[in-house]
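The values are calculated or read from the model by the stated rules, or taken from the named source; none is laboratory data. Everything numeric here is computed off the predicted structure, so don't read it as measured data. Every residue, glycine among them, receives a Cβ derived from its backbone with ideal geometry; neighbour counts consider all protein chains shown. Surface areas here come from the heavy atoms of the whole protein model, side chains and all, with no ligands, DNA or RNA. Shrake-Rupley method; radii C 1.70, N 1.55, O 1.52, S 1.80 Å.
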Amino acid sequence: MSDKNLEDLSALIDGYLYKQAAYRLIDLSITDPTLRAAWTRYHLIGDALRYNLPKKTRLDLAKQVSSALESEPILLVP
């Protein structure tokens, strides 16, 4: 991911990116997990700057993932 993509992402989130560039960036984010992670981080930063974070945060992500995996069916495929 390039610095230009990060700049464009910031502009998109702030509502300052032109429509065509926004479509290009959204299409790119479909295949770029790093860009999707940056999207999440940028929104979290924005929420923190606006004092819009939840009162309580659940940080037990590993426990949540483990619990979700336990409820998944086991597939035995030859």
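Structure notes:
- Here the simple spin-label model places points 7 Å from the Cα toward Cβ, and for Ala62 and Lys19 these points are separated by 4.8 nm.
- Computed from point charges on the beta carbon alone (+1 for Lys and Arg, -1 for Asp and Glu), the dipole magnitude for the chain about its Cα centre is near 300 Debye.
- Solvent-accessible area of segment 37-78 (1.4 angstrom probe, protein heavy atoms only): carbon and sulfur portion equals 64 percent.
- Averaged per residue, the chain has 90 square angstrom of accessible surface, using a 1.4 angstrom probe with ligands and nucleic acids left out.
- Karplus 3J(HN,Hα) series, Hz, for segment 65-78 with 6.51 cos²θ - 1.76 cosθ + 1.60 (x for Gly, Pro): 5, 4, 5, 5, 5, 4, 7, 6, x, 8, 10, 9, 10, x
- Reachable lysines from Lys19, criterion Cα separation under 20 angstrom, eight or more residues apart if same chain: Lys4
- Only helical runs count toward this figure. For the chain, summing -39,500 (n - 2.57) over DSSP H runs of n ≥ 4 and dividing by all residues gives -21500 deg cm²/dmol at 222 nm.
- Shape class of segment 18-60 from the Cα gyration tensor (axes a ≥ b ≥ c, square roots of the eigenvalues): oblate, since a/c reaches 1.5 or more and a/b does not exceed b/c.
- Cross-link partners of Lys56 among aspartates and glutamates (Cα-Cα below 18 Å; sequence separation of 8 or more within a chain): Asp47
- Panel values: the chain, Kirkwood radius from alpha carbon pairs, Stokes-Einstein at 10 °C and 1.306 mPa s, translational diffusion coefficient 104 µm²/s.
- Extension reserve of the Leu28-Ile45 stretch, reckoned as 0.36 nm per residue once the Cα distance is removed: 4.0 nm
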